[in-house]
1. Taking B:Arg33 as the residue in question, decide whether it is under 25 Å from the mean Cα position of the chain (by Cα), over 30 Å from B:Phe407 (Cα atoms) and basic (Lys, Arg).
2. If A:Met49 passes every condition in (1) crowded, with 16+ Cβ neighbours inside 10 Å; (2) more than 14 Å from every other protein chain (Cβ to nearest Cβ); (3) not basic (Lys, Arg) but one, which one does it miss?
3. When segment B:562-593 is examined, which residues are found to be among the β-branched types (Val, Ile, Thr) and outside any helix (DSSP H, G or I)?
4. Among what's in segment A:283-326 and is more than 19 Å from the chain's Cα centre (by Cα) and of a type in the set (Lys, Arg), pick the residue that is surrounded by the most Cβ atoms within 10 Å (Cβ to Cβ).
5. Output the residues belonging to segment A:336-350 that are crowded, with 24+ Cβ neighbours inside 10 Å and out of contact with any Ser or Thr (no Cβ under 8 Å at 6 or more places or on another chain).
6. Name the residues in segment A:116-160 that are charged (D, E, K, R), over 30 Å from A:Gln435 (Cβ atoms) and part of a loop (DSSP other than H, G, I, E, B), would you?
7. Please state which one of B:Ser292, B:Ser322 is within 14 Å of chain A (Cβ to nearest Cβ) and of a type in the set (Ser, Thr, Tyr).
8. For segment B:190-238, how many residues meet the condition of being more than 7 Å from chain A (Cβ to nearest Cβ), among the hydrophobic types (A, V, I, L, M, F, W, C) and over 23 Å from B:His123 (Cα atoms)?
2 protein chains.
Amino acid sequence: MSESRIPAQDRIDVAQVGDALLGKWKKERLEARALAADPRLHTIPGQSMPEHRERVLEQLGILVEAGAIQRAYPKDLGGGDNHGGNIAAFQELVLADPSLQIKSGVQWGLFGAAILHLGTRPHHEKWLPDVMSLKLPGAFAMTEVGHGSDVASVATTATYDPETEEFVINTPFAGAWKEFLGNAALHGQAAVVFAQLITRGVNHGVHAFFVPIRTPQGDLLPGVESMDDGVKGGLNGIDNGRLAFDHVRVPRTNLLNRYGDVAADGTYSSTIESPGRRFFTMIGTLVQGRVSLDGASARAMQAALAIAIRYGTERRQFPGASGRETVLLDYGKHQRRLIPLLAETYAMTFAGDRLLTVFDEVFSGANDTDENREDLETLAAALKPLSTWAALDTLQEAREATGGAGFIAKNRLTGLRADLDIYVTFEGDNNVLLQLVGKRLLKDYAAQFKPGDRAAVARAAAAQLSDRADRFGLRQVGQSIADLGQIARSVESMRTPEAQRALLEDRVQTMIAEIALALRDATKGVPKEDKRARAIANEDAFNAQQTKLIEAARAHGELLEWEAFTEAVEKISDPASKQVLTWLRDLFGLGLIEKHMAWYLIQGRISGQRAEAVTAYIDRLIGRLRPHALDLVDAFGLGPELLRAEIATGIEQERQDEAEAYVAAQKAAGTWPVHEKELRAQAKAAEQAARADEERREPQNA
Amino acid sequence: MSESRIPAQDRIDVAQVGDALLGKWKKERLEARALAADPRLHTIPGQSMPEHRERVLEQLGILVEAGAIQRAYPKDLGGGDNHGGNIAAFQELVLADPSLQIKSGVQWGLFGAAILHLGTRPHHEKWLPDVMSLKLPGAFAMTEVGHGSDVASVATTATYDPETEEFVINTPFAGAWKEFLGNAALHGQAAVVFAQLITRGVNHGVHAFFVPIRTPQGDLLPGVESMDDGVKGGLNGIDNGRLAFDHVRVPRTNLLNRYGDVAADGTYSSTIESPGRRFFTMIGTLVQGRVSLDGASARAMQAALAIAIRYGTERRQFPGASGRETVLLDYGKHQRRLIPLLAETYAMTFAGDRLLTVFDEVFSGANDTDENREDLETLAAALKPLSTWAALDTLQEAREATGGAGFIAKNRLTGLRADLDIYVTFEGDNNVLLQLVGKRLLKDYAAQFKPGDRAAVARAAAAQLSDRADRFGLRQVGQSIADLGQIARSVESMRTPEAQRALLEDRVQTMIAEIALALRDATKGVPKEDKRARAIANEDAFNAQQTKLIEAARAHGELLEWEAFTEAVEKISDPASKQVLTWLRDLFGLGLIEKHMAWYLIQGRISGQRAEAVTAYIDRLIGRLRPHALDLVDAFGLGPELLRAEIATGIEQERQDEAEAYVAAQKAAGTWPVHEKELRAQAKAAEQAARADEERREPQNA
């Protein structure tokens, strides 16, 4: 079953598949990988937190020297105006040390990017050169102890004082301390602080302010307090901490005033009239972090599988009928554990490249429309949760699949998992993000109807729910009576990309239609005048649908991944590669359908018999893919300098070879001891032979 | 929706439920908890590995002084002959520091227990007093680099030399190094080494030998080599490492000879004739570790949920229609994340107590029959995988549900998760254990038929598979035609414990019957003489069923948990407690059915409509349980000295109160700024009113 038994012409073209995985920003990715191979940038397991923090600060300096962080900044300030390439390169840094990655993200992707995107030309000229050179390390002070995902409700205030033409930054209570900020505990000399802008007695909502917090010598400035978050579950190379401000005054011009400004006399002005839209435009730059984490997660998954699959093709356990011990990856369960994750990793890698393309269009200005921006937000909010969760699951499965060896830090799986743990709740809590996606799907659904025409919503939903099989051309797939005895044909019909797409799309659309229908009648019977009661009724109805809405958003994200995978397969020219990647895509698509099979069965989309056929076909696909597993991870292009896991170096194969040679030599020399079991078996056989002999003789005697 | 709104008489009796959770060995558990509250035994987050290792060694001394580790040893050697109580107390130590727990497990549960259970009286007298006092720290040298789960194949040899009456312990190649051994890198002065016993040219299989490895000063003895495993993903207070032996000689009497012995002249003897049975008897003592980890995992789950649920009832996020921000645990999704885990934690706690009872019967000798011993092995192999995995999932969900705060080490969730990670693959890899359970289920199934009567197996399986609804009285539950419009009644029928049990049992039995049927024809067409071909055919067939067999074993474990929960609920006398725990048990049972709904649908056990009703009823159960959530975690009895998580101390409630008081005071003083949004809304309303007014006037003017 191993790769060597496959004829060369049936094996994938590792280089071509590798290029597809590297995607649009291959050059930047390879540059970043070359950098990530530098031992000075690597994690040292067990390093103390203080040492790790200092090391990572030094590593940031190495990135500056290497020209690795300037890409996204304006050309005239020494940058490259290369937004997609910047994120692509950033994503690869996870292979060096996630602490280094995230601390550089804090400095250049959050702190610096906030000055760039929320500030104006004078801010750029004044601060960005020092931000880029790391002369000015800074924190991104958005989250508070009491408010994380709900940024609009942060309690820090920035009250304008026209007397002195200053903003007074203040932390009114303990819950308003800025929290979990990288660079806050030690290294930050300034912070971009998000606070409620109050002028002339009016709160104009959250705005960002540039606030100095420490001297270059590291002493806190008057009125600024800091607390160290101390040891964390991972990312201990970053000095996360809290910040509080006791009526700290900054000049009026420290307001990052791209979307809202205050004149010397205290008059507020903004190019965006609606406070809601203004807020969402300002925090829209956060999408960069989500895009970054999405791709970083896919790279961590690649590393995890490269390690576990390599080890799985070398390590042997339990004697097999063949006379040798069986290689782990030849066990059915081991294949079921790892090969579907390989399909998922491919899907997420391709989907990430698509997301990055949209990101680049928007941030480069090539296609910066409101619509594309909104699509980008939704795409990022759909993909980042799925890939960050998948990274944790994949690292864990790889850890378990490599047993105790996977638990040893030098094999990297536990360290990566510990560091990536927080990726699922920072830069947008995954469930909150999926809820955003769900709301967008509901909005798009409702947009088909006149505002307030609830009856139309109901009619459409009812039609979709009863007539659904027709609508998506699924009769053939879902039909159950014609199923009997036609398993082969029925699987055939599900194997087509059209059927997979129809089933995946149908699930999203039907769930959204059902939710819309459930929400429609929320305020039935509540008097129109009683706005509070109606609001509560709507909230309760929404709350009852929340789990389902999040599930629908996840289904939407899965569909996007499947589509990206399909698109990527279509571009592959090498026939063997195309064949193998088609199997892998089918495994991904049918794997999703198998995962949600209860839903398809309940909805009558798939019959029970066809459902069993799906599982049987998945098993066949996994068997077919097994011999290609090593090639498929080789295509990730992660050499030993990037994997840096002892068990992925071939050491296990050497040990297996040594052990087999030892036994063979002993046997050849006649010094290999016979086992008591064999002696007993021989004795038993001899006894039986003797008895049979006796029995044969007895009748003669009779 | 909070607890305070429930009438007192409807709330659970926390003390009574708490006693049920503490179970049979309440006294020992409370003693261990008192000990675990001692700050000297607590983890210090971020402590360096060398310091943590020394600290844990000192902590072991504290356990000795406290009389905490002697319970399982013979009374005449200063022990308590209390096997169940010993494990119960051990399980609670996870609340102090898992490193401390596992290192004490290495010393007294593995190294010491091997001398106790595999050795004989002279061994006990010679070594156990020093083992118990920690004067003699030791390693349990079973696993090798190349052989973990497959203990029978370890490659270390112990060859008897009659000339000197010694065993020669030898590590023939790199893969045979003993690996992952606690106490091997630093502190161990001896090891119980598992090696192939060879005498007179015959290998009698794996036996255990007492082998000194270091001087009391810590110097390795001649011929012994050690390597340090270094930093691990967790449990860094334990000095795991490798050991190798280069023809190290030990006296003949160092063979732990309870089940097999070698006379001075080299003659081998054993009370157990079959080498296979002898081997399984010897490694049977390993069950102790599995029982220990099972209960430790349940305690970690209790701690995780006590932290996350307490925080979830205090932390608020996003303004609600009520005018206040909404408490996390009032969100539908948050409830769906945590409350089913609460049900699972109860189930696993009760199942653990049942397992411990069987363990105590066997190890105390009260009921040490072959049958009970085999049941114990199966029970432990079924429950340990489920609870160790559930602990990781629960710690992770609690971490995510508490957001960034959950990632800070002082809130304990990440540290516990990192430490418990290895519980899923050590003391028996979870998948390997489940496979053992699956094989036992297949054996029991086959035992109904005459040996070799494959036709009977086929007939029975076919009957079960077609007639299955009848057989388990499931017609009523599974019927789909009669379902229409009877959702209420259909849920009613699934709510009974009888229906839940029938559905859970049916799944195990049907899966096993299907697997047996699939295995039956494996060698069809392969000539009887070709034993190798038949072995390979059987192996291939088994391999194709491996995933399903493991799934069947998991279903068996879930059934055992459900039964234990049901048994525990029956013993509760307080009516309100009984009601709430019945809901919780139903949530657990129906949650399992929902999780495996695709299977029930495919098998025709449950109709699509009834499946939807199950989910709807689960949602209702969760809503009912929400107000009891705090009481249900209070019943775990884990005070602040055991939880030691800042976010579970009420600090968030204090912050919320402070913030609300601040806002109220500002509003009262008239200094609370009006929000631009309100001004715009007011302006819009005024404008509309003015326009309406104008329109009203116009007709008059006309």
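The values are calculated or read from the model by the stated rules, or taken from the named source; none is laboratory data. None of these values were measured; they are calculated from a predicted model. Ideal geometry is used to build each Cβ from the backbone, glycine not excepted, and the neighbour counts take in all protein chains shown.
1. No; evaluated as a whole, the condition is false for this residue.
2. (2)
3. Of everything in segment B:562-593, just one residue is among the β-branched types (Val, Ile, Thr) and outside any helix (DSSP H, G or I), namely B:Ile572.
4. Only one residue fits best here, namely A:Arg315.
5. A:Leu338, A:Ile339, A:Leu342, A:Ala343, A:Tyr346, A:Ala347, A:Thr349, A:Phe350 - these are the residues of segment A:336-350 that are crowded, with 24+ Cβ neighbours inside 10 Å and out of contact with any Ser or Thr (no Cβ under 8 Å at 6 or more places or on another chain).
6. A:Lys135
7. B:Ser322
8. 3
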